[in-house]
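Colleague: Have a look at this one before I ask anything.
The values are calculated or read from the model by the stated rules, or taken from the named source; none is laboratory data. These numbers were taken from a predicted model, which means no experiment stands behind them. Here the Cβ is made from the backbone with ideal geometry for all residues, glycine too, and neighbour counts use every protein chain on show.
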Amino acid sequence: MENASLPHKDAAKRVADVVAQLKVQFGERVSCNESVCEAHSHGEALQIAQMPAAVVFAESTADVSEILKLCHHHRVPVVAFGAGTSVEGHVTPPEHAISLDLSRMMEVLEVNPADLDCRVQAGLTRQVLNVQLRDTGLFFPVDPGGEATLGGMCATRASGTAAVRYGTMKENVLGLTIVLANGEVIRTGGRVRKSSTGYDLTSLFIGSEGTLGIITEVQLRLHGIPEQLSAAICQFENLHDAVSTAIEIIQMGVPIARVELMDDVQMAASINYSGLTDLRPLTTLFFEFAGAPEAVREQVSVTEDIARENNGLRFMWADTADERARLWKARHNAFWAAKAIDPAARVISTDCIVPISRLADLIDGVRKDIAASGLQAAILGHVGDGNFHTLIMTEDNETGHARALDLDRKIVARALAMGGSCSGEHGVGLGKLEFLETEHGAGALSVMRALKATLDPLNILNPGKLLPAGPVYKG
Ligand SMILES: Cc1cc2nc3c(=O)[nH]c(=O)nc-3n(C[C@H](O)[C@H](O)[C@H](O)COP(=O)(O)OP(=O)(O)OC[C@H]3O[C@@H](n4cnc5c(N)ncnc54)[C@H](O)[C@@H]3O)c2cc1C
């Protein structure tokens, strides 16, 4: 590797030279201010922090290209930063690095209602996009809990509560504009629903966590806002019954729009935090049904039958849009509700996924692991996909973190043994590095490393993330 021959002591000087040149080119859009750098030194949850040497705010693909050309020339690492909501240490820079903030790139570049697609800049958030789409009768469905950017969502291959019906970012991105490590701009994919030409570069960059290139524009699939939406909740005395209900709904092929689970610990927290005072602290399934009125009636009837057979208590319906919004907001705020149980505690969110038929066994096992750990933890998740999170509450010190990570390792080991993955949606970052070889095998990892070495031979793009013991940045 070219940069390996350069002594580490030069790294501070090289980044200082880059910052000086960036200031000439971008003026006030380059910041070394302590609070700005601190805000870019970590993401959420796994707050391993390292200050960047500077933060530069890009406003266009051309800006990103100029910044990467400069960093490439001086062999300075660059970490893309969308909204910083990722939870596995993805945005924590290495030493002597630049944080490249894309949050000012938030234009909707085109909307094509007749083809149900649009093109946006990568720093736009999904919430702002949906507000701008409101008059078109279309919407973008992928909804991770945080106020994430669409570029960050591509980079983590994000999903959320609606993936059970609409899929993840992988299924909802048609094409990308990407700036490569050396500043070259490429386009992948396009506007068509399918194409059988060439390697699928769009899919390669979806989930690449800023390690292969910087995404500056995204061509998205849009969906029609359904004619009718209905939301309901059903509570269960027993967690296993709730999970079995979700599994059977999927196995029966009910085209449900969302089916989310929150266990009794999470419900107690959310009742307090989100004022769900009409509910009891029992395991709860949140449902959403979408489609034409007749289709919705049928989905509801099958779902109610399945829940009843699994000892579900009565269904409670959210009839108005406001009531639905209140329920889903409570679901999206689950992390903050868990954090509010003890503001001094650290909440560590795990993320694993198994084939749906193994979900009940996995959650039963995880419950035992939680009890054995002596820690408090809530279970919630996108159970229709076989995906769930354990929010582990622990003391915010080294011993507390070690206990939480020990529990996380047990959960991941169970999921992997059942043919699952150590992350259904949060990604690898730093937090999941240790599991990648077990999950993918040495052969697949060496192919991933070869791709990284081809696209980023100097290893300047988010070095140290996604690939365990990959090419190490040597400054
Ligand atoms: C309360 C809460 C709930 C959450 N719920 C979910 C959930 O349900 N589903 C889910 O999938 N995630 C969830 N997340 C995690 C997080 O919201 C997602 O990972 C999200 O996709 C990150 O987007 P971001 O814009 O914040 O990216 P960042 O955190 O800024 O960056 C994430 C990664 O992408 C890279 N990156 C960012 N922008 C670009 C770009 N333009 N080009 C190339 N690389 C880039 C970064 O370098 C980094 O590696 C949740 C987080 C929180 C705090």
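Colleague: Within the stretch 151-168, work out how many residues are among the hydrophobic types (A, V, I, L, M, F, W, C) and farther than 18 Å from F81 by Cβ.
Modeller: The number of residues fulfilling the criteria is 3.
Colleague: Right, something else. Suppose we filter V76, V128, V179 for residues that are within 9 Å of the ligand (Cβ to nearest atom), touching a strand residue (DSSP E or B) at 6+ places or on another chain (Cβ under 9 Å), not acidic (D, E) and not assigned by the TED database to the domain that holds G386; which single one remains?
Modeller: It is V179.
Colleague: Quick check on this structure: which one of Q235, Q251 is away from the ligand (no atom under 16 Å from the Cβ), within 26 Å of V354 (Cα to Cα) and surrounded by fewer than 20 Cβ atoms within 10 Å (Cβ to Cβ)? Show your work before the answer.
Modeller: On the way: Q235 fails: surrounded by fewer than 20 Cβ atoms within 10 Å (Cβ to Cβ).
Exactly one residue qualifies, and that residue is Q251.
Colleague: Restricting to the stretch 149-175, name every residue that is surrounded by fewer than 24 Cβ atoms within 10 Å (Cβ to Cβ) and either assigned to a strand (DSSP E or B) or more than 14 Å from the ligand (Cβ to nearest atom) (or both).
Modeller: Matches in the stretch 149-175: R165, L174, G175.
Colleague: Being of a type outside the set (S, T, Y), touching a Gly at 6+ places or on another chain (Cβ under 7 Å), within 21 Å of D456 (Cα to Cα) and in contact (Cβ under 8 Å) with a residue 40 or more places away in the chain is the filter here, so list the residues in the stretch 154-180 that pass it.
Modeller: If the condition is that a residue be of a type outside the set (S, T, Y), touching a Gly at 6+ places or on another chain (Cβ under 7 Å), within 21 Å of D456 (Cα to Cα) and in contact (Cβ under 8 Å) with a residue 40 or more places away in the chain, then A155, R157, G175, L176, V179, L180 are the ones that fit.
Colleague: Can you report the number of residues in the stretch 184-200 which are surrounded by 15 or more Cβ atoms within 10 Å (Cβ to Cβ) and within 14 Å of the ligand (Cβ to nearest atom)?
Modeller: 2
Colleague: State all residues of the stretch 225-248 that are in a strand (DSSP E or B) and touching a strand residue (DSSP E or B) at 6+ places or on another chain (Cβ under 6 Å); if no residue qualifies, say none.
Modeller: L229, S230, A231, A232, I233, C234, Q235, F236
Colleague: Another one. Within the stretch 118-148, take every residue that is crowded, with 19+ Cβ neighbours inside 10 Å and among the polar types (S, T, N, Q) and give me the one that is farthest from E88 (Cα to Cα).
Modeller: Checking each candidate, the answer is Q121.
Colleague: Right, next: Step by step: first the residues of the stretch 366-378, then only those that are touching a residue at least 40 places away in the same chain (Cβ under 8 Å) and surrounded by fewer than 24 Cβ atoms within 10 Å (Cβ to Cβ), then the one that is nearest to the chain's Cα centre (by Cα). Which residue is that? Spell out the reasoning first.
Modeller: Taking the stretch 366-378 first, the residues touching a residue at least 40 places away in the same chain (Cβ under 8 Å) are 366-367, 369, 376-378.
Then drop every residue that is not surrounded by fewer than 24 Cβ atoms within 10 Å (Cβ to Cβ), which leaves 366-367, 369, 376.
Numbers: V366: 22, R367: 24, D369: 25, Q376: 24 Å.
Residue satisfying both the conditions and the ranking: V366.
Colleague: Check G400, G381, G431, G441 and return the single one that is within 19 Å of T168 (Cβ to Cβ) and of a type in the set (G, A, S).
Modeller: After applying the criteria, what remains is G381.
Colleague: Residue check: is F81 within 13 Å of the ligand (Cβ to nearest atom), in contact (Cβ under 8 Å) with a residue 40 or more places away in the chain and of a type in the set (F, W, Y)?
Modeller: So F81 passes the test.
Colleague: Looking only at the stretch 61-87, filter to residues that are in a loop (DSSP other than H, G, I, E, B) and under 26 Å from the mean Cα position of the chain (by Cα); which one of those is nearest to R187 (Cα to Cα)? Step through it out loud before you land on a result.
Modeller: Residues of the stretch 61-87 in a loop (DSSP other than H, G, I, E, B): 75-77, 82-87.
Restricting the remaining residues to those that are under 26 Å from the mean Cα position of the chain (by Cα) gives 77, 82-87.
Working: P77: 23, G82: 20, A83: 23, G84: 25, T85: 26, S86: 25, V87: 28 Å.
Selected residue: G82.
Colleague: Then there's this: G441: of a type in the set (G, A, S) and farther than 27 Å from A49 by Cα, yes or no? Talk me through it step by step, then tell me what you get.
Modeller: Values: of a type in the set (G, A, S): yes; farther than 27 Å from A49 by Cα: yes.
For G441, the condition - of a type in the set (G, A, S) and farther than 27 Å from A49 by Cα - is met.
Colleague: Please go through the stretch 259-302 and pick out each residue that is touching a Phe, Trp or Tyr at 6+ places or on another chain (Cβ under 7 Å) and not aliphatic (A, V, I, L, M).
Modeller: Answer for the stretch 259-302, where residues must be touching a Phe, Trp or Tyr at 6+ places or on another chain (Cβ under 7 Å) and not aliphatic (A, V, I, L, M): E260, Y273, T283, Q299.
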